[in-house]
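**Student:** Please read through the structure below; I'll follow up with questions.
The values are calculated or read from the model by the stated rules, or taken from the named source; none is laboratory data. Computed from a prediction, not measured in an experiment: that's the story for all the values here. Methodologically, a virtual Cβ is constructed for each residue, glycine included, from the backbone with ideal geometry; neighbour enumeration extends over all protein chains shown.
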Amino acid sequence: MKRSGASTGFDPEFDAHFLSGYAPAFYSLAGDEPSRFLITLGPVGAGENLKVQPFTVFTSDGRLVVVDNTGKNKGVVMVYNMIGQEIASANLNGNSIVKLSLDIPCGYYLVKITTNEIIQTTKIFIP
């Protein structure tokens, strides 16, 4: 069965079979309707907005480093273990970088940064 407006030269016995794990191929031949495909590209995920996080969080030499990407936030940084116990905390006072020495066992921890405007939570690994 051939639909009107379909590309000529399409062999349904060959072209319509796709191998598992491969994306289908799209054909465009001279004379095809230019608007037959509409490709829309956007952020990954359903309705996600790709925003720069206000804070960058990482560890270096046994210290937690919090970089305020705006350089003007005031608030508090709290570190929790994976069962929710608060391990450490520090104040954000508008400086660009906060360094917090951590004398804790290696493992995963949660860093919660709270300001008047945002709450950002990040999981980190202490080696």
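**Student:** Within segment 112-127, can you find the residues that are surrounded by 14 or more Cβ atoms within 10 Å (Cβ to Cβ) and without any contact (Cβ under 8 Å) to a residue 40 or more places away in the chain?
**Tutor:** LYS112, THR114
**Student:** Does ASP68 fit the bill of being more than 12 Å from PRO54 (Cβ to Cβ), modelled with pLDDT under 90 and of a type in the set (D, E, K, R)? It would help to see each step written out before you state the result.
**Tutor:** On the way: more than 12 Å from PRO54 (Cβ to Cβ): no; modelled with pLDDT under 90: yes; of a type in the set (D, E, K, R): yes.
Criteria not met by ASP68.
**Student:** Of all residues in segment 72-111 being within 22 Å of the chain's Cα centre (by Cα) and closer than 15 Å to THR56 by Cβ, which is surrounded by the most Cβ atoms within 10 Å (Cβ to Cβ)?
**Tutor:** Within segment 72-111, the match that is surrounded by the most Cβ atoms within 10 Å (Cβ to Cβ) is VAL111.
**Student:** Since LYS51 meets every condition but one in (1) under 22 Å from the mean Cα position of the chain (by Cα); (2) at pLDDT 85 or above, which condition does it not meet?
**Tutor:** Checking LYS51 against (1) under 22 Å from the mean Cα position of the chain (by Cα); (2) at pLDDT 85 or above, the one that fails is (2).
**Student:** Report, by residue number, each residue of segment 72-102 that is out of contact with any strand residue (DSSP E or B) (no Cβ under 9 Å at 6 or more places or on another chain) and modelled with pLDDT under 90.
**Tutor:** Matches in segment 72-102: LYS72 only.
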